[in-house]
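Colleague: Quick one: this structure, given as structure tokens, is what I'll be asking you about.
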Amino acid sequence: MSRLQWGVTFFSVALFALLYFGFDVKTDEQQRQAAVRSANLESTDINALKRAALENLSAENKNRIRIAEQELSIAESDSAKVAANIELSGAWYRLQQPAIAGYHAQEVAQINNTEDTWSIAGTTYAICVQRSERLEVRQFCTTRAVQAFENAISLNPSNVQHKVNLALTYLDTEAPMMGIQMLLRLNQEDPENVLVLRTLGEQAIRSGQLDKALERFLQVLSIEPDNNQANCAVADLYQQLEQPQQAQLYADKCIKERSK
């Protein structure tokens, strides 16, 4: 699976005022503990998820899963277990069961213990949080997404992508302020980090703060003038802000980049 690509739930303007004005009512550690306490209240487990998912599968897909599970059950070496779990993770993901896919990706990460495998596990669980409507499944995936990204960070603290992914995960928990504060802190630590600026800009768009979003994406372009995503975003933002001449200027740059 490639880099994390996921949308984040919409936030109210009032909530995102906190993003830019920095109001706070709890310390970071208090909020982190609240998020973990909430997430740890799992009301389901992997066996229950598998039983429910299997009931809705065709006979052909059930057979494929059972064969893959059998391969895993007889695997003795770590390499064989990794291969079987990768097969199961991919199979469950294709069957639109990211919670179960995440579990098998997590099994791979526990064996290999690399930042990439933990990031893949976290990404898969995060997709589950995005897509699942059942509260117990969201809780199951939230707990594990947070832990997976924290493990990736511990293995490579300098990789900002893992930290941004963790922040975005917290935004979907019952303690979203933790995610907001993480993004703010990352921006304060490295004001020219393009990934962080883009993420802040995207959140501003979703909260309807177009002026703030424009500011963030213009900051990106001051660092990377040819950043296509930023050029396209700025063109769209100027259009929404009813500044057509400026919009056209950046739209031209966006088109040129896309045509390469």
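The values are calculated or read from the model by the stated rules, or taken from the named source; none is laboratory data. All figures in this text were calculated on a predicted structure; none of them were measured in a lab. Please note: Cβ atoms are built from the backbone with ideal geometry, for glycine as well, and neighbour counts cover all protein chains shown. Each accessible area value is taken on the protein alone, full model and side chains, heavy atoms only, with ligands, DNA and RNA left out. Shrake-Rupley method; radii C 1.70, N 1.55, O 1.52, S 1.80 Å.
Colleague: Of the numbered conditions (1) open to solvent by 60 Å² or more (accessible area, probe 1.4 Å); (2) touching a Cys at 6+ places or on another chain (Cβ under 6 Å); (3) of a type in the set (A, V, I, L, M), Ala99 satisfies every one except a single condition; which is it?
Modeller: Here Ala99 meets the rest and fails (1).
Colleague: Between residues in the range 103-115 that are closer than 12 Å to Trp92 by Cβ and residues that are open to solvent by 60 Å² or more (accessible area, probe 1.4 Å) and at pLDDT 95 or above, which pairs lie under 6 Å by C-beta distance while being six or more apart or on different chains?
Modeller: Matching pairs, first to second residue: Ala105/Ile120.
Colleague: Still on this structure, I have one more. Among the residues of the range 177-190, is any closer than 29 Å to Gly90 by Cβ and buried (at least 20 other Cβ atoms within 10 Å of the Cβ)? Spell out the reasoning first.
Modeller: Step one: filter the range 177-190 for residues closer than 29 Å to Gly90 by Cβ, giving 179.
Then drop every residue that is not buried (at least 20 other Cβ atoms within 10 Å of the Cβ), which leaves 179.
For the range 177-190, residues closer than 29 Å to Gly90 by Cβ and buried (at least 20 other Cβ atoms within 10 Å of the Cβ): present.
Colleague: Determine, yes or no, whether Asp211 is more than 30 Å from Leu135 (Cβ to Cβ), open to solvent by 20 Å² or more (accessible area, probe 1.4 Å) and modelled with pLDDT of 95 or more.
Modeller: On the way: more than 30 Å from Leu135 (Cβ to Cβ): yes; open to solvent by 20 Å² or more (accessible area, probe 1.4 Å): yes; modelled with pLDDT of 95 or more: yes.
Yes; evaluated as a whole, the condition is true for this residue.
Colleague: Here's something else I'd like to know. What's the number of the condition Ala105 fails, among (1) within 28 Å of Glu174 (Cα to Cα); (2) aliphatic (A, V, I, L, M); (3) open to solvent by 70 Å² or more (accessible area, probe 1.4 Å)?
Modeller: Failed condition: (3).
Colleague: Of all residues in the range 143-165, how many are open to solvent by 10 Å² or more (accessible area, probe 1.4 Å) and either part of a helix (DSSP H, G or I) or among the hydrophobic types (A, V, I, L, M, F, W, C) (or both)?
Modeller: Summing the residues that are open to solvent by 10 Å² or more (accessible area, probe 1.4 Å) and either part of a helix (DSSP H, G or I) or among the hydrophobic types (A, V, I, L, M, F, W, C) (or both) in the range 143-165 gives 12.
Colleague: For the range 110-142, how many residues are open to solvent by less than 10 Å² (accessible area, probe 1.4 Å) and aromatic (Phe, Trp, Tyr)?
Modeller: Count: 2.
Residue-by-condition table, conditions (1) closer than 27 Å to Glu215 by Cβ; (2) at pLDDT below 95; (3) in contact with a strand residue (DSSP E or B) (Cβ under 7 Å, 6 or more places away or on another chain); (4) among the β-branched types (Val, Ile, Thr):
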site	(1), (2), (3), (4)
Ile120	no, no, no, yes
Ser132	no, yes, no, no
Leu135	no, yes, no, no
Arg144	no, no, no, no
Ala148	no, no, no, no
His162	yes, no, no, no
Tyr170	yes, yes, no, no
Met182	yes, yes, no, no
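Colleague: Specify the residue that is farthest from the chain's Cα centre (by Cα); the eligible residues are those in the range 81-96 that are within 21 Å of Arg138 (Cα to Cα) and either open to solvent by 60 Å² or more (accessible area, probe 1.4 Å) or modelled with pLDDT under 95 (or both).
Modeller: The qualifying residue farthest from the chain's Cα centre (by Cα) is Arg94.
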